[in-house]
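Okay, structure first, notes after.
Read the figures in this text as sums done on the coordinates, not as results from a lab. These numbers were taken from a predicted model, which means no experiment stands behind them. Glycine also receives a Cβ, built like all others from the backbone with ideal geometry; neighbour counts cover every protein chain displayed.
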């Protein structure tokens, strides 16, 4: 079958064996897989053993539509037994350390399946994963009706944060670099740019300039929540941070809580607000054109937000 891997020659579609389930694993036929910013970084590391793709959805053998939680915790370490499975000491991640969803088919454990609510097609449900990142972060931040916050960064994670926060009834001001991102944020309920001070700022760009701006927007005693992934060392604006007695919270992927799993909350959000998929999905490519899809995904200045791969 066809699958996407990072090779010595860059991102390429290669032929691999069909997945062979073991134990109680099941096979998901991919219907959508999206290119994450972290995929672009991983591709720059050179040859990687696993099939790429941690944002994906598809159907089971019986036709059931599902999204997939790519986190595969061990279930046995102290953090797993405490219910913090996303912080598992032996965490495997599909598309990173195990074969992921940029393939015609992928094997997963049943616990990783997210059954899709009515109104959400698997052709758009790859968005469940980035939305779950935002849902988890909003939960850590305590965002709800009446909250007022700023989001710095308007890539797919920043826009997912806008969708999750406005969906919870919050007032959101968005800092966007590109016109298309700004327009997308407005469609999802944000206004911008951010002005004044905020008790809560969401950093969603993963850059030094975004951190500096987040601290600048922060009200003394306020909190910055990091949804992004930093691939390079980070310098904190120490003097400003100290003067404001700022609090920092780091949000990593998604987990579960009293109200359920973050991925299930994200799927429900996608069903409740169809404009999220209409706004965030800007490009679709067949799996065979993955190299071009990655090129387009890296060109955010020309209106790209979320690039999807689909089976031929």
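For this structure, a couple of remarks:
- Separation of alpha-carbon centers, region 187-240 and region 100-122, rounded to whole Å: 33 Å
- FRET efficiency, residue 232 to residue 199 (Cβ-Cβ, R0 30 Å, nearest 0.05): 0.60
- Those residues of region 187-211 whose amide nitrogen sits under 15 Å from the label point placed on residue 248, 7 Å along Cα→Cβ: 201-211
- Peptides 21-34, 246-259, 143-156 ordered by average Cβ neighbours within 10 Å, highest first: 143-156, 21-34, 246-259
- Computed extension length for residue 41-residue 118: 24.3 nm, one decimal, from 0.36 nm per residue of separation with the Cα-Cα distance subtracted.
- A simple spin-label model places pseudo-atoms 7 Å from Cα toward Cβ; at residue 272 and residue 171 they are separated by 2.1 nm.
- Separation in nanometres of the label points that stand 7 Å from Cα toward Cβ, at residue 239 and residue 219: 2.5 nm
- Within the listed set 163, 72, 15, the residue fluctuating most in the Gaussian network model of the chain (springs between alpha-carbon atoms under 10 angstrom) is 15.
- For region 283-312, the residues whose amide N sits under 17 Å from a probe point set 7 Å from the Cα of residue 27 along the beta carbon direction are 311-312.
- With the cut-off at under 20 Å, measuring from each backbone N in region 12-42 to a point 7 Å along the Cα-to-Cβ line of residue 302 picks out 12, 35-37, 40-41.
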